[in-house]
Amino acid sequence: MIKVEHLSKSFGQNEVLSDISIDIEKGEVVSVIGPSGSGKSTFLRCINLLEKPTDGVITVAGQDLTAKKTNVTKARETIGMVFQHFYLFPHLTVLENLTYAPIKVKKLTKQDAQEKGRELLKRVGLSDKEDAYPNSLSGGQKQRVAIARALAMEPELMLFDEPTSALDPEMVKEVLDVMKDLAHSGMTMLVVTHEMGFAREVADRVLFLDQGLLVEQGEPEAFFSAPKTERAKAFLDKIL
Ligand code: ADP
Ligand code: MG
């Protein structure tokens, strides 16, 4: 589903990703962890070309996103992204948040988009909120709407950048539960998270980034109980 080959990214003189190569299978759930500033967000943002790689090739669902002739806007439609801060459209209702892009971009009829939107709201447990405005929702509810909105575009791949980091503790679980459900449905997911419980339980694989390098990767159980590198060990000692 995702093939990253020799990805590097610099901002000016500052190289924040160095020669990262990785393959991610369809249906795989991969957690990306590492210290603050290690390049996790930049890595995700390169995968949907919110950042332009300095070097390397990124192929998603068979399409080379880094090729000159690629229509980036079009290619990005197959990739859903959920951020720490939800970025819902404040002037639209919950249901309108979900139907906006499918109508505008996918040319769905309003009726079809609403039907699909309601299904997704049901799936994230927010059927009763379709007419609410984002401001009236809790953080956990907003993030579930953001996930449903991304799913409304029927992405082949979902990227999550610390989706629970801005939430009050009591709202973390409701969002992780939605993500778990999504993982079990076979969605390919790349999840930057500080929720080690999620990484351990749900992820098929963990990637550990440090200073722009993919330092270590492995199965969660093996990685958390016996990290191979000193850097991963030092990181885990600090947070666990
Ligand atoms: P993480 O998500 O792991 O905390 P980031 O990917 O956000 O790390 O950042 C990695 C490094 O890249 C940091 O040193 C950060 O300051 C730098 N960086 C990120 N985005 C930009 C940008 N748009 N311009 C300049 N530097 C950036
Ligand atoms: Mg980040």
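The values are calculated or read from the model by the stated rules, or taken from the named source; none is laboratory data. Bear in mind that the values here come from a model prediction, so they are computed numbers and not experimental data. All Cβ positions, even for glycine, are placed from backbone atoms using ideal geometry, and neighbour counts span all protein chains on display.
Odds and ends about this structure:
- Condition check for T73 on (1) in a helix (DSSP H, G or I); (2) of a type in the set (S, T, N, Q); (3) within 16 Å of ligand 2 (Cβ to nearest atom): one failure, at (3).
- Residue within segment 125-147 that is more than 16 Å from ligand 2 (Cβ to nearest atom), touching a residue at least 24 places away in the same chain (Cβ under 8 Å), touching a Lys or Arg at 6+ places or on another chain (Cβ under 6 Å) and hydroxyl-bearing (S, T, Y) present: no
- Annotation note: Cβ proximity below 9 Å between a residue of segment 221-239 that is of a type in the set (S, T, N, Q) and a residue that is not in a loop (DSSP other than H, G, I, E, B) (sequence gap 6+ or interchain) occurs for T229/F208; T229/D210; T229/V215; T229/E216.
- Residue that is surrounded by the fewest Cβ atoms within 10 Å (Cβ to Cβ) [pool: residues in segment 13-49 that are within 15 Å of L213 (Cα to Cα) and β-branched (V, I, T)]: I22
- L213 touching a residue at least 12 places away in the same chain (Cβ under 8 Å) and within 30 Å of G139 (Cα to Cα): no
- The selection criterion, being part of a helix (DSSP H, G or I) and in contact with a Leu (Cβ under 8 Å, 6 or more places away or on another chain), holds for G117.
Residues are listed down the side, and each one gets a yes or a no for (1) under 15 Å from the mean Cα position of the chain (by Cα); (2) of a type in the set (D, E, K, R); (3) modelled with pLDDT under 95; (4) more than 16 Å from ligand 1 (Cβ to nearest atom):
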| position | (1), (2), (3), (4) |
| --- | --- |
| M171 | no, no, no, yes |
| S185 | no, no, no, yes |
| V192 | yes, no, no, no |
| D210 | no, yes, no, no |
| P227 | no, no, no, yes |
